[in-house]
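**Student:** Quick one: the structure is below, and I'll ask about it shortly.
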Amino acid sequence: MNIILFLAPFSVGLGALGLVAFLWTMRVGQYDDPKGDAARVLYDHLDDGPPSDN
Amino acid sequence: MTRALAISRDLEAFVRRDATGTGRLELLVTGARCAACIGKIERAVSDLPGVAGVRLNLTTGKLAVDLKAASVEPDQVVQAVEALGYRASLFDPTEATAAQDREGRELAVALGVAGFGAGNVMMFTVPAWAGLFGQELNASTLTVMYWMAAIVATPCALFAGRPFFRSAWASLRRGKANMDVPISIGVLLTLIVSFSETLLNGRHAYFDAAVTLLFLLLIGRYLDHRLRASARSAAHDLLVLQAPVAMRVHNGVEQGVPVAQVQVGDQLAVAPGQRAPVDGYVDSGVSEIDNALISGETALVAVGPGARIHAGALNLTGRLVMTAAARSEDSTLAAIARLMEAGAQSRSAYVRLADKAAALYVPIVHAAAALTFLVGWAIGLGPREALLRAAAVLIVTCPCALGLAVPAVQIAASARLFRKGVLVKSGAALERLAEVDHVVFDKTGVLTEGLPRLVDAPAHLVALAAPLARASRHPLARAMAREAGVGLVAQACVETAGQGVEGLIDGRRARLGRAAFVGVSPGDERETELWFGFDGDTKIRFVFEDKSRAGAAQAIADLRAQGLEVEVLSGDLPGPVSRIAAELGISAWRAGLTPFEKAEAIDALKARGRKVLMVGDGLNDAAALARAHASMAPGAAVDAAQNAADLVFTGEALDAVPTAIGVARSARGRALQNFTFSALYNLVAAPAAMFGLINPFIAALAMSGSSMVVLLNALRPGWRR
């Protein structure tokens with residue numbers, strides 16, 4: 001039974017990690033220009049990763 | 001492209017600079033669609049001296065340019081983009097930052113949090129459910145599980161519920177109850193009851209229900225928001241279209257100024273290919289102007305000194321200098337923008353299907369819950385059990401089926417219309433479209449192709465005049481050149497702005513242009529015509545007409561079959577309008593209407609109780625589009641008309657209109673089916689909760705089950721048309 005007291009917070013923590021990752025992608029604007037990102041990935045000189053200035 | 005004559009303009013007003021002198025400039029670029037476009041535009045702009053950084057957002061069409069110091073002229077950026085063949089307009093720096101989708105961002109974050117909560121709370125509630133059925137889970141373990149569920153679910157529910165709480169509070173303060181009121185009360189009461197039950201070591205706690213309910217509802221809410229997000233800023237984009245720069249002539253020097261700063265009496269230069277920035281009178285220069293966007297007129301108008309020009313008129317052939325007779329905000333365009341705003345306001349008063357359902361649902365459910373509590377207490381259940389049952393009523397009669405009933409159907413319907421080339425901008429638009437009983441068409445560009453075509457011209461005569469036509473950039477001459485195909489071009493051509501073109505064909509002097517230019521007395525000015533003749537020879541008259549769109553007659557017949565009345569309101573002259581109306585079998589038509597008369601005609605129809613669908617493409621239609629019950633615009637329409645319209649159809653064929661109406665009606669039918677299902681479900685679930693037959697497991701099953709049924713009904717095939 002005690003194992004639950006360790007595993008439960010651990011798995012909630014894993015879920016929270018996913019949530020934080022999602023919030024981070026929102027914050028750095030990875031959903032700001034879906035069409036542009038889809039196009040940029042085709043050319044090396046355009047593929048500059050996510051923008052960092054907002 | 002059209003800037004050959006443009007002198008470097010002073011556009012410093014459009015740059016946002018910070019203290020160090022570096023600045024940022026934003027442009028709206030239209031026409032960029034692919035990765036190659038991004039590469040071309042970004043390279044061309046970053047090659048300019050003084051540009052520190054450049055990034056094109058392909059989704060919004062915005063080009064952000066960072067400037068080093070004061071070394072680069074904004075106009076060079078515009079010219080660099082336009083030299084590549086894209087249209088670029090400068091954004092006013094005050095407008096540029098305003099257009100951020102804050103609501104969508106908040107909904108997405110809330111959805112993420114609710115999804116996290118709903119997923120993780122299950123770890124603790126699934127064992128708890130097992131405990132409900134006598135599995136080996138003793139009472140103290142059950143309580144531990146509930147506490148852990150509470151730790152995960154409560155913060156998530158409180159955070160993810162904020163959009164609902166806020167909207168419910170705003171609605172209550174106005175003395176009304178929208179759908180968010182029962183949602184908020186349900187969630188909060190569920191959390192409170194669950195806490196008290198857990199504290200008292202009770203068997204029923206509904207933490208999972210609270211956060212799952214919000215998750216399902218947020219899906220519906222986010223879908224609805226995405227549908228509306230494209231339809232934000234009709235009036236705002238109209239102002240960008242208005243070409244924010246006017247060329248002011250002062251002591252012989254041209255200087256670019258924001259249109260908003262133009263004063264009455266200023267002298268302004270309008271180069272060929274540009275639009276008149278404000279209303280005014282021509283001082284000098286001769287040209288032809290295209291009023292199609294302003295009035296829907298297809299015939300080009302010759303203008304000379306003294307002629308009146310409306311803001312937005314396209315200058316075609318010669319450079320004009322005009323005196324401003326109105327400021328920007330008093331000009332025709334701005335008046336249309338105001339009419340559009342008024343229309344948008346009257347539309348926001350429209351009560352949506354879901355809110356109508358909420359108006360019925362809220363009092364009934366709340367009365368049932370209150371009754372459960374009071375009666376339960378009265379018959380001796382005790383306040384704790386009575387409150388638990390009342391909360392169960394609120395949970396199982398959960399409005400998530402209701403909250404999903406409409407958005408799910410509307411998303412499915414818009415996806416279906418999207419495959420048929422029709423873009424739907426809001427769910428409310430589909431609901432209004434389903435109620436339409438009267439269709440009003442604009443003529444130019446909607447019922448017709450919006451391009452002049454030669455009519456009844458013998459091929460040998462066209463071939464005779466074609467060499468001159470090929471030498472001209474005039475729209476009518478181009479139509480003639482298209483008809484004639486590839487061939488010789490006349491020698492020594494001289495084009496006289498607003499008159500015609502003169503040149504040598506096989507050594508003989510010939511002219512093509514207006515009647516007076518060719519040497520005949522002007523005849524019927526109502527027809528779009530071009531005259532041609534060799535020096536001292538007979539003159540030939542060519543007549544142009546705007547042909548009706550392919551399949552227009554069939555589309556009109558389909559609309560009639562759907563029980564709709566069809567009418568044409570056009571700004572063009574009676575001749576062409578009556579011809580097209582007769583060709584398509586439409587008996588009700590009016591011609592020569594100003595944009596304001598069109599809007600009034602729509603209002604008059606509304607006053608007679610008609611629900612009008614307006615289909616139009618020009619600036620002159622924008623006000624009517626915004627005021628009609630529902631509106632559609634073709635993909636070739638001006639931005640302002642596309643923004644004012646609820647739906648935009650991108651294909652060439654007009655049958656998109658009856659198709660859209662058919663799908664909208666089906667969607668309405670399905671939304672009503674979903675409501676019926678929800679009502680039946682509640683009719684069973686509410687009494688079960690009142691008699692205490694519900695436990696957390698059944699509540700979770702019922703909630704997701706009813707949502708699934710509603711979703712599947714939205715997704716099932718079998719749409720009309």
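The numbers here are math on the coordinates, done by the rules we state, and not lab data. The structure displayed is predicted, hence computed values, not measured ones. Virtual Cβ from ideal backbone geometry, glycine too; neighbours counted across all protein chains shown.
**Student:** Can you quote the Å³ per residue value for the convex hull of the Cα atoms in chain B, rounded to an integer?
**Tutor:** Dividing the Cα hull volume of chain B by its residues yields 197 Å³.
**Student:** Could you work out [θ]222 nm for the protein assembly as shown from helices alone, using -39500 (n - 2.57) per DSSP H run of at least four and dividing by all its residues? Round to the nearest 500 deg cm²/dmol.
**Tutor:** My calculation for the protein assembly as shown gives -16500 deg cm²/dmol from helical runs alone.
**Student:** Any chance you could give the angle, 0 to 90 degrees and rounded to 10, that helix B:552-561 forms with the longest Cα principal axis of chain B?
**Tutor:** With both axes taken from Cα atoms, the answer is about 40 degrees.
**Student:** Roughly speaking, what is the centre-to-centre gap between segment B:354-394 and segment B:700-720 when only Cα atoms are used, to the nearest Å?
**Tutor:** Segment B:354-394 and segment B:700-720 have Cα centres spaced 26 Å from each other.
**Student:** Which translational diffusion coefficient, to the nearest whole µm²/s, is obtained for segment B:243-329 from the Stokes-Einstein equation, given a Kirkwood hydrodynamic radius over C-alpha pairs, 37 °C and 0.692 mPa s? Could you put the intermediate results ahead of the total?
**Tutor:** Working: Rh = 12.5 Å.
In µm²/s, the coefficient rounds to 263.
**Student:** Moving on to the next point. Could you tally the net charge around B:Asp621, taking each other residue with its Cβ under 11 Å from the Cβ of B:Asp621, Lys/Arg +1 and Asp/Glu -1?
**Tutor:** +1
**Student:** Next up: Over all residues in B:117-123, what is the mean tally of Cβ atoms on other chains that come within 10 Å of each residue's Cβ?
**Tutor:** Mean inter-chain Cβ contacts per residue within 10 Å come to 3.
**Student:** Can you give me the angle between helix B:459-470 and the longest principal axis of chain B, using Cα atoms only, in degrees from 0 to 90, rounded to the nearest 10?
**Tutor:** Approximately 90 degrees, to the nearest 10.
**Student:** Another one. Label-point separation (nm) for B:Gln261 and B:Arg17, each offset 7 Å from Cα along Cα-to-Cβ?
**Tutor:** Once both label points are built, they end up 1.3 nm from each other.
**Student:** Translational diffusion coefficient, Stokes-Einstein: compute it for the protein assembly as shown using the Kirkwood radius over C-alpha pairs as Rh, at 10 °C and 1.306 mPa s, and state it as an integer in µm² s⁻¹. Kindly include the intermediate steps, with their values, before the conclusion.
**Tutor:** Numbers: Rh = 30.2 Å.
The Stokes-Einstein estimate is 53 µm²/s.
**Student:** For a footprinting-style exposure proxy, rank B:Phe517, B:Phe544 by other Cβ within 10 Å, fewest first. Let's see the in-between values first.
**Tutor:** Values: B:Phe517 18, B:Phe544 22.
Ascending number of Cβ neighbours within 10 Å: B:Phe517, B:Phe544.
**Student:** Select from B:Ala469, B:Gln499, B:Val78 the residue farthest towards the positive end of the dipole of the protein assembly as shown; place +1 on Cβ of Lys and Arg, -1 on Cβ of Asp and Glu, and compute about the Cα centre.
**Tutor:** B:Val78
**Student:** If we count every other residue with Cβ under 11 angstrom of B:Tyr86's Cβ, Lys/Arg +1 and Asp/Glu -1, where does the sum land?
**Tutor:** +2
**Student:** Order the peptides B:482-493, B:503-514 from the highest to the lowest mean number of other Cβ atoms within 10 Å of their residues.
**Tutor:** By packing density, highest mean first, the sequence is B:503-514, B:482-493.
**Student:** Now a separate question. Taking the mean number of other Cβ atoms within 10 Å as a proxy for protection, how do you rank B:533-541, B:82-90 from highest to lowest? Write out the running numbers ahead of the final one.
**Tutor:** Details: B:533-541: 13.2, B:82-90: 17.6.
In descending order of packing, they fall as B:82-90, B:533-541.
**Student:** Same structure, new question: What number results when the radius of gyration of segment B:376-534, computed over Cα atoms, is divided by 2.2 N^0.38 Å?
**Tutor:** That ratio works out to 2.24.
**Student:** While we're on this one: Can you compute the charge dipole magnitude of the protein assembly as shown about its Cα centre, using +1 on each Lys and Arg Cβ and -1 on each Asp and Glu Cβ, nothing else charged? Give it in debye, rounded to the nearest 20. Please list the in-between numbers first.
**Tutor:** Numbers: 73 positive and 72 negative charges, 387 e Å.
The dipole of the protein assembly as shown has a size of about 1860 debye.
**Student:** If you place +1 on the Cβ of every Lys and Arg and -1 on the Cβ of every Asp and Glu, how big does the dipole about the Cα centre of segment B:101-229 come out, in debye to the nearest 20?
**Tutor:** It comes to approximately 600 debye.
**Student:** What percent does the relative contact order of segment B:451-546 come to when contacts are Cα pairs within less than 8 Å and at least six residues apart?
**Tutor:** 27 percent.
**Student:** Here is a further query. Provide the packing ranking of B:39-45, B:379-385, B:558-564, i.e. peptides ordered by the mean count of other C-beta atoms within 10 Å per residue, highest first.
**Tutor:** Values: B:39-45: 19.1, B:379-385: 11.9, B:558-564: 15.6.
Output ranking for B:39-45, B:379-385, B:558-564: B:39-45, B:558-564, B:379-385.
**Student:** Here's a follow-up. With an 8 Å cut-off on Cα pairs and a minimum separation of 6 or more residues, tell me the relative contact order of chain B in percent. Can you show the working numbers first?
**Tutor:** Numbers: 1396 pairs, mean separation 92.6, N = 721.
Averaging sequence separation for qualifying contacts and normalising by length gives 13 percent for chain B.
**Student:** Moving on to the next point. Give the order of B:Met690, B:Met632 when sorted by the count of other beta carbons within 10 angstrom, beginning with the fewest.
**Tutor:** Working: B:Met690 21, B:Met632 32.
Ordered from fewest to most neighbouring Cβ atoms within 10 Å, B:Met690, B:Met632 come out as B:Met690, B:Met632.
**Student:** Using only Cα atoms, find the angle between the long axis of helix B:35-46 and the longest principal axis of chain B, and express it within 0 to 90 degrees, rounded to the nearest 10.
**Tutor:** Relative to chain B, helix B:35-46 is tipped by roughly 70 degrees.
**Student:** Another question, then. Partner chain Cβ atoms within 10 Å, averaged over the residues of B:48-60 - can you pull that number for me? Write down the numbers at each step before the final one.
**Tutor:** On the way: counts 0, 0, 0, 0, 0, 1, 0, 6, 5, 7, 8, 8, 4.
Mean inter-chain Cβ contacts per residue within 10 Å come to 3.
**Student:** Next up: Calculate the mean, over all residues of peptide A:29-38, of how many other protein chain Cβ atoms lie within 10 angstrom of the residue's Cβ.
**Tutor:** 5
**Student:** Regarding segment B:407-471, what are the three Cα extents along the principal axes, ordered largest first, in Å?
**Tutor:** Each principal axis gives a Cα extent; for segment B:407-471 these are 61, 25, 17 Å.
**Student:** Give me the three principal axis extents of segment B:101-229 from the C-alpha atoms, as integers in angstrom, largest value leading.
**Tutor:** Computed over segment B:101-229, the largest-to-smallest principal extents equal 51, 29, 20 Å.
**Student:** What per residue convex hull volume, in Å³, comes out for segment B:578-668 when only alpha-carbon positions are used? Please list the in-between numbers first.
**Tutor:** Values: hull volume 10.3 nm³, N = 91.
Considering the Cα atoms of segment B:578-668, their hull volume per residue is 113 Å³.
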